[in-house]
Amino acid sequence: MLLLILCLLIAFVDAGASAASPAETPVQVEVDISTRHQRIDGFGTSLTVGFEAFERGHFDEVVPYGVTYKLTPKQRDGILTTAVRELGVSHARLWLWPLGIEEQNDNDDPQVMDWNAFTWAGQSGRPASSDIFDNRQNGIIEWGEFLKKAVPLGLTNWILTPGRLPGWLLARFKDPADTTKFEEYAEYAAAHVLYLKKMYRLEAPYWSMFNEPDVAGWKSAELWIPWIKATGRRFRKEGLATRIVFPDTAGVQEAVSLSAEVLQDPEVRQYLGALAYHHYRSSGHGPQPFVKLAAGTSKEETAKLLAQVTDGPRAMAELARRYGLPSWQTETAYYPTPVKGLSEWEIGLARANEIHLELVSGASAVEGMSMFWPEAVDPRYGVTVRHEGHHIVARSNGRVVRRWEVTKDAGIVFAHYGRYVRPGDWRVAAETADPFVKATAFVSPTKRTCVAVLINNSEESRKIILKLKGPEWADVRPAGFVTDAARTFKPQQVRKAGTTNSPFETTLSPKSISTFVWSRERVQPLRVLAGR
């Protein structure tokens, strides 16, 4: 009996010694390019201000009055080139602030546009004001100058978006009896697009009707159907190919229910180019749901959190597919209070998980908050605003910008997707059994490039076997790039797992995001992370 117990004990010890830990067991990641999901329209940002407002300073509560962020032409070019070409910003919303081009009604006749009555330059060239809204009146000329450089760099899908409306037009929208408000809005919208086309030879591919209309209480189909029709008809009348983005709500649930009702109208559908939403209500303005999901919780809590952050995007994507439209998440940000106590990379990893979940839920585009922003402390919270989602932040000495840099919690994370995944690529199947490893994969239409983005949410490293189905890829070694707490977009070693036609192997560091690119052309690394 004693001998039997001893043998069992030895066997138990041997089994424990030979059992591989999760970190030692290879994780199979299989990419199947033959299984396509949604077409990708891009990754990018919602630009709430341009360079003019940036230089006037005090364009937001977080920017101290009297501090300006003057940029040299070289700094402007450096920020723009880095954001678009290096970080892969191909999708962007450009905010139009009141009073905008039409401070007063041009002639009170929406069918006849008085070209000389519009104020195209806004506050451009004027002294800074103590009013933050005055300093955001950057005018359509500034966006024209911005686009003139950004579009050749690779900004493909850009959306003109009223952040608010001029007071006279807003008053009409508050009057249910006003019968001309939709036509007046349509004239206002067409004037912006026509100006860019006439002066810069740039026709806006998209026009968003209004930023977060649910906040203003505009949630009824009875309001939206004639509004969209009037705007779409005016675009067609003016010979514009610009398509409408709708509804751009702050909450995705509101976007789904409103869109489902409005899309029943066949005329409305012919003017639409995309359905859009923001994620604030389901994310709680912070990274907490994604931090909890990444860390791993009980099955019940995981199911609850996943439903909270993916039910809406999935429903929106399904609705969009039903009508042959893409679904876009056009703004996300983590505000100062929710990020207190989190490190920069904890916030970045949460954002990576959010982008992953948006993609697997069906979104064709994902945007952060702003392309560039000042490195400033929000006086309302006593916390820096750099973590909100800005791709690039700049530091001022009170008069001029001394330095700008790419953010690790937003700019670098978006680069892991947007730098190598371009508009027109397709998301394809990517499977992994490890709950801590998240994988999304993409292929170009020509199949000359394939990209896999892997997130390791574990506190331990993970050995990965990368298998890309398709004999044409058997001898193409992927280039890899990794970001973790210590490294930023550094080369990731990839090895053959065996002989010819075998998959590749690599090791994901703890709490990291890695991008792997199979290409028949040379894969360029990310080079620019800061500038002066």
Residue separation between ALA117 and ARG380 times 0.36 nm, minus their alpha-carbon distance, gives in nm 90.8 nm
Residues of region 510-532 with amide nitrogen under 15 Å from the 7 Å Cα-to-Cβ point of ARG448?
-> 518-524
Here the gain from full extension of ALA497 to SER129, 0.36 nm per residue of separation minus their alpha-carbon distance, amounts to 126.2 nm
Using unit Cβ charges (K, R positive; D, E negative) and no other charged atoms, how large, in debye to the nearest 20, is the dipole of the chain about its Cα centre?
-> 1820 debye
Of all DSSP beta bridges with both partners in the chain, the antiparallel percent, nearest 5, is 55 percent
Among the aspartates and glutamates, which fall within straight-line cross-link reach of LYS467, defined as a Cα-Cα distance under 13 Å, with same-chain neighbours fewer than 8 residues apart omitted?
-> GLU30, ASP32, GLU431, ASP475, GLU505
Contour minus Cα-Cα distance for LYS149 and ARG201 (0.36 nm per residue) | 17.5 nm
Which of ALA274, THR82, PHE246, positive extreme of dipole for the chain (C-beta unit charges) | THR82
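Please tell me which of these pairs span more than 20 angstrom C-alpha to C-alpha: LYS340/LYS438; LYS148/LYS237; LYS148/LYS490; LYS469/LYS496?
LYS340/LYS438; LYS148/LYS237; LYS148/LYS490
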Violations at 30 Å Cα threshold for listed pairs LYS149/LYS229; LYS229/LYS447; LYS219/LYS304 -> LYS149/LYS229; LYS229/LYS447
So for region 435-482, taking the charge dipole from beta-carbon charges (+1 Lys/Arg, -1 Asp/Glu), which of THR446, VAL476, PHE436 sits furthest toward the positive end?
-> THR446
When the helices in the chain are scored as -39500 (n - 2.57) per DSSP H run of 4 or longer and the sum is shared across all residues, what 222 nm value do you end up with, to the nearest 500 deg cm²/dmol?
-> -10000 deg cm²/dmol
For the pair GLU344 and ARG403, how long in nm is the line joining their label points, each one 7 Å along Cα→Cβ?
-> 1.0 nm
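Any read-out appearing in this document is the output of simple, stated calculations on the displayed coordinates, not a laboratory observation. Just so we're clear, the structure is a prediction, and the values are computed from it rather than from any experiment. In this analysis, Cβ positions are derived from the backbone assuming ideal geometry, glycine residues included, and neighbour counts consider all displayed protein chains.
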